[in-house]
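Here's the structure, in structure tokens; my notes come after.
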Amino acid sequence: MEIDLPDHIKKFIDEVVDSFVMWDLLIFTSQKLTGIESPGRTAQLLGRTEAEVEKPYLKLTKLGILVVEKNADGSTTCRVNSTSPYQEELKKFLSFNDVQENRLRILSYLLQKKVH
């Protein structure tokens with residue numbers, strides 16, 4: 001059965017969202033305007049293990065969706081990259097997620113793709 005998703009949303013999911021952890025991570029990091037401290041801290045806040053968050057976190061930084069910045073004290077902060085080539089698609093995806101019915105469509109699509 002074909003899930004009713006706009007083509008641009010389906011394309012973003014196919015290219016970026018390869019797991020439920022990735023979906024969580026995208027929403028979470030987009031809401032944290034000041035950035036996130038580390039994959040470990042993010043995992044803790046999401047109720048996941050660091051191992052679960054590590055692969056999606058690395059993929060998002062490799063795609064340029066997230067950027068890691070070094071702070072003056074030597075620590076790092078990760079935030080959504082406002083100059084990412086995916087920025088417009090990410091904004092549309094996040095906006096689409098604002099409606100519960102759309103989240104159910106995304107869930108159905110991900111389940112159909114057999115992601116974990």
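The values are calculated or read from the model by the stated rules, or taken from the named source; none is laboratory data. Note that this is a predicted model, so its numbers are computed, not measured. No Cβ is skipped: glycine too gets one built from the backbone with ideal geometry, and neighbour counts run over all protein chains shown. All accessible areas refer to the heavy atoms of the entire protein, side chains included, with ligands and DNA or RNA removed. Shrake-Rupley method; radii C 1.70, N 1.55, O 1.52, S 1.80 Å.
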**Derived scalar couplings ³J(HN,Hα) [the stretch 34-46; Karplus, 6.51 cos²θ - 1.76 cosθ + 1.60; whole Hz; x for Gly, Pro]** = 7, x, 10, 6, 6, x, x, 5, 4, 4, 4, 5, 8
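Could you look at the chain and say what percent of its accessible area is carbon and sulfur, using a 1.4 Å probe and all protein chains?
Ligands and nucleic acids excluded, carbon and sulfur reach 52 percent.
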**Residue-by-residue Karplus 3J(HN,Hα) for the stretch 75-81, coefficients 6.51, -1.76, 1.60, Hz, glycine and proline x** = 6, 10, 10, 10, 9, 5, 7
**Message:** With n ≥ 4 as the cut-off for DSSP H runs, can you work out [θ] at 222 nm for the chain, using -39500 (n - 2.57) per run divided by the number of residues, rounded to the nearest 500?
**Reply:** -17000 deg cm²/dmol
**Prompt:** Quick one: Karplus J couplings for the stretch 4-16, per residue in order, coefficients 6.51, -1.76, 1.60, θ = phi - 60°, nearest Hz, x for Gly and Pro?
**Reply:** 7, 10, x, 4, 5, 6, 4, 5, 4, 4, 4, 7, 10
**Asked** Each label point is 7 Å from the Cα along the Cα-to-Cβ direction; what then is the distance between the points at Asn71 and Lys59, in nm?
**Response** 2.8
**Asked** Of Lys70/Lys91; Lys70/Lys114; Lys70/Lys113, which ones are farther than 30 Å apart at the Cα?
**Response** Lys70/Lys114; Lys70/Lys113
**Under 5 Å, built H, 5+ apart or other chain: amide partners of Ile36** = Cys78, Arg79
**Item:** Solvent-accessible area per residue, Å², over the chain with all protein chains present [probe radius 1.4 Å]
**Value:** 60
**Item:** Structure-derived Cα extents along the principal axes in Å: which label, when the choices are (i) 52, 29, 23; (ii) 45, 40, 28; (iii) 46, 22, 18
**Value:** (i)
**Message:** Taking just the alpha-carbon atoms of the stretch 1-47, what radius of gyration and Dmax come out, in angstrom?
**Reply:** 13.2, 41
**Number of Lys pairs (Cα under 19 Å; 8 or more positions apart or on different chains) in the stretch 1-62** = 4
